[in-house]
Amino acid sequence: MSTHKRHLTRRRVLGASAIGVAATGAAVAGGTGLLSSASAAAFGYQDDGKNYVIDTGASLVFKVSKSTGDITSLAYKGKEYEGYGGKHSHVESGLGASTVTIKRSGSTILVKVAHGAITQWYAARSGQNNVYAWTNKADASFTATRYLVRLKPGMFPNEGSDSWIEASDKVIEAGDVWKRGDGTTHSKHYSGKRVIDYDHVGFTTGSVGLYLVRSNHEKASGGPFYRSLLRHSNDLGAGLYEILHYNQAQTEPQRFGLQGPYVLAFTDGGTPPSSLFHARLDTSWVDGLGITGWVGAAGRGKVAGVGLKGMDARYPYTVGFANADAQYWAKAAAGTGGFSCKGMLPGTYTLTVYKGELAVHTASVKVTAGGTTALNSLTVTGDPSTASAIWRLGDWDGTPGEFKNAELMTYAHPSDARAAKWTGNVTIGGGSEAASFPAYIWKDVNDGILVYFKLTKAQAASAHTLRVGVTDAFLNGRPRVTVNDWVSAVPTAPAQPNTRSLTTGSYRGNNHSFTFNVPNSAWQTDTSQDNVLKLEIVSGSTGTAYLSPGTSFDCMDLLT
């Protein structure tokens, strides 16, 4: 069950599932005759009294409740896959009483579900085992925007970091993080993927596959590196998610308007065809359907960049575009940095160049309908790695990737048995320094990590700038430093998400660099002695263990 807060207007879906009743035999609008049963292989739909029963004319028959707009049945090759715990598949946690209508336009059947600020659309195409879906959200009366496909237990293997066994696993955090007897941790949060990393998520038995192909996320929030729920499975059921706005570890306000299509696709066991991926999907058939807020290809524009100068060849670069109404991104070509982003809504966008996940350049760009905005080479000017350093722990890339346990933390809890000890100090020049430094420090877990380093006589004669880069924080946790006997002031807390993140698979918040001006009086005068840098977490809030104030690290360096 989702952990996001429920607005007062949200309805609970009735526990009883909507079961189809016998067909009436009457003709439906558009001349399509009623199907005698939900398994008839003829494209069309019928009204069974409680549901619209839609036959794709292939191997999929699905039902949409006439009262709530829930999908109440997904029957593929005669086998039912939909529903668990008396609940069905729906936007949000179920809209409740809604106005549901249906129409056929040639080879497309379109269902419209209207409920307050949200309008949900479903479409079936003749001969396809797919359900196309759109969500139009007009305002913030619903706190989040997601679609959840609920699947019966036992239909697919229950395996992976986002699966658990409720009958035997133990809840260790907030009702949604579980620990198994072998010490491994599991949660619906542990997808291990950023939005930019995947086109689809799903399950397969080897002979049947069920996938949710994501939309372009233009009205979503959080950018290309956002991590959120993708799927879950347990002994009571399974789920697939299309997350358009979720408060967990969120760095942006939500956007409003039409989002989609995202596609629920059945296959014969393999992954969905790439023709369904948002970057390749032909949506010309949508143009005449009358979906509110739909903007076809003719109403969109493109940005094309010659390249990027000043790139670090060790890192991938991404070019992002964002304003209050939409977001997009494109991967920059290795070597040249060339990029192209198509299908953009008209408007003025902030263009951000990311080295890894670190913003290193920004500009403004205008997109016009039907036009291409061509950009000359952009020169990266904001990479902190170009500064000369006496030593550097990790590198400036916007992630804790070089540090201990960083990769594991995208698909496991910090208490996981596979995690290396979070304690342990680091000596600069000792080898494997970054791999020995913890990706995260919490006040109640591993506070007071020490970094040992030596300076030459000339270096010790001068003041130096110490930079500590972080990627996220929990409960306003931030580092205060002590160098030998010198203690820094308590730094101001930067803006960060106010929900769990470090324990739910995400280190992604707002990248921030703390700067400490260390006077020459702080250094050891005997150059044979180590200087000792101590990192302590400070916060005005309290918590315990892995839910105590903490922060994740990007890089730390001492400048010349």
Query raised in the report: With the dipole of the chain worked out from charges on the C-beta (+1 for Lys and Arg, -1 for Asp and Glu) around the Cα centre, which of Val263, Ala461, Thr423 lies farthest toward the positive end?
Result: Val263
Query - Amide proton proximity set for Lys309, modelled H, under 5 Å, gap of 5+ - result: Leu378, Thr379, Val380
Query raised in the report: Got the relative contact order for region 29-282 handy, in percent, Cα pairs under 8 Å and 6 or more residues apart?
Result: 17 percent
Query raised in the report: What is the magnitude of the charge dipole of region 29-282 about its Cα centre, with +1 placed on the Cβ of each Lys and Arg, -1 on the Cβ of each Asp and Glu, and no other charges, expressed in debye to the nearest 20?
Result: 360 debye
Report task. Return His278, His90 ranked ascending by Cβ neighbour count within 10 Å, so the fewest neighbours appear first. Result -> His278, His90
Report summary line: Scoring the chain by relative contact order with C-alpha pairs under 8 Å, at least six apart, yields a percentage of 11 percent
Report summary line: Expressed in nanometres to one decimal, the distance between label points 7 Å along Cα→Cβ at Gln529 and Ala167 is 6.4 nm
**Report entry** Fully extended contour minus Cα-Cα distance, from Ala42 to Thr336, at 0.36 nm per residue
**Finding:** 100.7 nm
Report task. Mind putting a number on the dipole of the chain about its Cα centre? Charges go on the C-beta only, +1 for Lys and Arg and -1 for Asp and Glu, and I need it in Debye to the nearest 20. Result -> 1120 debye
**Report entry** Residues Arg418 and Ser274, FRET efficiency given R0 of 41 Å [Cβ-Cβ distance, rounded to 0.05]
**Finding:** 0.75
Query raised in the report: Which of the chymotrypsin sites (Phe, Trp or Tyr not before Pro) found in region 155-201 are loop residues per DSSP with 16 or fewer other Cβ atoms within 10 Å of their Cβ?
Result: Tyr198
**Report entry** Taking N as its residue count, the alpha carbon Rg of region 503-560 over 2.2 N^0.38 Å
**Finding:** 1.53
Requested in this report: Could you point to the residue in Val365, Ala123, Thr492 farthest towards the positive end of the chain's charge dipole, with +1 and -1 charges on the Cβ of Lys/Arg and Asp/Glu respectively?
Outcome: Ala123
Report task. Scan around Thr399 for amide H atoms under 5 Å from its own, H built in the peptide plane at 1.01 Å from N, and keep only partners 5 or more places away or cross-chain. Result -> Glu357
Query raised in the report: Which residues make up the longest stretch of the chain clear of GluC sites (Glu not before Pro) that lie in a DSSP loop with no more than 12 other Cβ atoms within 10 Å, not counting the sites?
Result: 167-560
Query raised in the report: Taking 0.36 nm per intervening residue step and subtracting the Cα-Cα distance, what contour gain separates Ala435 from Ser141 on full extension?
Result: 101.3 nm
Requested in this report: Using only the Cα atoms of region 409-471, each taken as one equal point scatterer with no solvent, compute I(q) by the Debye sum, divide by I(0), and report log10 of the ratio at q = 0.16, 0.19, 0.29 Å⁻¹.
Outcome: -0.69, -0.89, -1.37
Query raised in the report: By how many nm would the segment from Asn510 to Thr560 lengthen if fully extended, with 0.36 nm per residue of separation less the alpha-carbon distance?
Result: 15.3 nm
Report summary line: For region 456-560, inverting the pair-averaged 1/r of distinct alpha-carbon atoms gives a Kirkwood value in Å of 14.8 Å
Query - Rel. contact order, % - alpha carbon contacts under 8 angstrom, at least six apart, region 468-553 - result: 51 percent
Query raised in the report: Which entries of Lys79/Lys137; Lys87/Lys443; Lys188/Lys443; Lys152/Lys342; Lys87/Lys404 show an alpha-carbon separation above 30 angstrom in the structure shown?
Result: Lys79/Lys137; Lys87/Lys443; Lys152/Lys342; Lys87/Lys404
Query raised in the report: According to the square roots a ≥ b ≥ c of the eigenvalues of the Cα gyration tensor, what is the shape class of region 29-282, taking rounded for a/c under 1.5, prolate for a/b larger than b/c otherwise, and oblate for the remainder?
Result: prolate
Report summary line: Shape descriptors of region 384-559 over alpha-carbon atoms, Rg and Dmax in angstrom, are 15.6, 46
Report summary line: To the nearest 0.05, the calculated FRET efficiency linking Asn425 and Thr499 through their beta-carbon distance, R0 being 35 Å, is 0.70
Requested in this report: Show that you can apply the helix-only estimate: for the chain, add -39,500 (n - 2.57) for every DSSP H stretch of four or more residues, divide by all residues, and state [θ] at 222 nm to the nearest 500.
Outcome: 0 deg cm²/dmol
Report task. Work out how far the C-alpha atoms of region 343-449 reach from end to end along every principal axis, then list the three figures in whole Å, largest first. Result -> 56, 34, 21
Query raised in the report: In the chain, which longest range has no trypsin sites (Lys or Arg not before Pro) that are both DSSP loop (not H, G, I, E or B) and surrounded by at most 10 other Cβ atoms within 10 Å?
Result: 13-279
Requested in this report: Using DSSP to define loop residues, name the chymotrypsin sites (Phe, Trp or Tyr not before Pro) in region 213-279 whose beta-carbon has at most 16 other beta-carbon atoms within 10 Å.
Outcome: Phe277
Query raised in the report: Taking only the alpha-carbon atoms of region 304-404, what semi-axes of the equivalent ellipsoid follow from 5 times the gyration tensor eigenvalues under a square root, in whole Å, largest first?
Result: 28, 14, 11
Query raised in the report: Which translational diffusion coefficient, to the nearest whole µm²/s, is obtained for the chain from the Stokes-Einstein equation, given a Kirkwood hydrodynamic radius over C-alpha pairs, 37 °C and 0.692 mPa s?
Result: 128 µm²/s
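Only the coordinates and a few stated rules stand behind these numbers; no lab work does. Everything quoted here is computed from the prediction, not taken from an experiment. We place every Cβ from the backbone using ideal geometry, glycine too, and count neighbours over all the protein chains shown.
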